[in-house]
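**Q** Handing you a structure now.
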Amino acid sequence: MSFKVIMTYSDGDREELDEIFETESEAEEYGLEQVSNFDTGGEVLHLSNPGDYPAPDEGVKADYEVFEVED
């Protein structure tokens with residue numbers, strides 16, 4: 001069995017990521033990294049142009065789900 005990550009966002013969007021992992025823990029680690037990257041990107045956008053991008057605590061939030069896939 002292999003594992004994949006689906007990113008879920010507070011605005012209802014979902015995105016299945018392409019990467020495939022051999023273990024669930026690798027997929028969990030990758031999901032956490034992607035959530036961190038999303039949060040950092042929101043901060044950068046807000047700091048570069050606060051009028052167009054909401055503060056990270058006011059904008060869309062990201063989370064992830066790990067699921068098993070057949071090889």
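Yes/no matrix, rows are residues, columns are (1) at pLDDT 90 or above; (2) among the hydrophobic types (A, V, I, L, M, F, W, C); (3) in a strand (DSSP E or B):
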site: Ala27; (1), (2), (3): yes, yes, no
site: Gly31; (1), (2), (3): yes, no, no
site: Glu43; (1), (2), (3): yes, no, no
site: Leu47; (1), (2), (3): yes, yes, no
site: Asp57; (1), (2), (3): no, no, no
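**Q** Still on this model: When you go through Lys61, Lys4 one by one, which is the residue that is open to solvent by 80 Å² or more (accessible area, probe 1.4 Å) and touching a strand residue (DSSP E or B) at 6+ places or on another chain (Cβ under 8 Å)?
**A** None of the other options fit; the residue is Lys61.
**Q** Turning to a different aspect of this structure: Looking at the range 14-23, which of the residues that are open to solvent by 90 Å² or more (accessible area, probe 1.4 Å) and outside any strand (DSSP E or B) is farthest from Asp71 (Cα to Cα)?
**A** Asp18
**Q** Same structure, new question: Restricting to the range 24-41, what's the tally of residues that are touching a Phe, Trp or Tyr at 6+ places or on another chain (Cβ under 7 Å) and open to solvent by less than 80 Å² (accessible area, probe 1.4 Å)?
**A** The number of residues fulfilling the criteria is 5.
The values are calculated or read from the model by the stated rules, or taken from the named source; none is laboratory data. None of these values were measured; they are calculated from a predicted model. Methodologically, a virtual Cβ is constructed for each residue, glycine included, from the backbone with ideal geometry; neighbour enumeration extends over all protein chains shown. Surface areas here come from the heavy atoms of the whole protein model, side chains and all, with no ligands, DNA or RNA. Shrake-Rupley method; radii C 1.70, N 1.55, O 1.52, S 1.80 Å.
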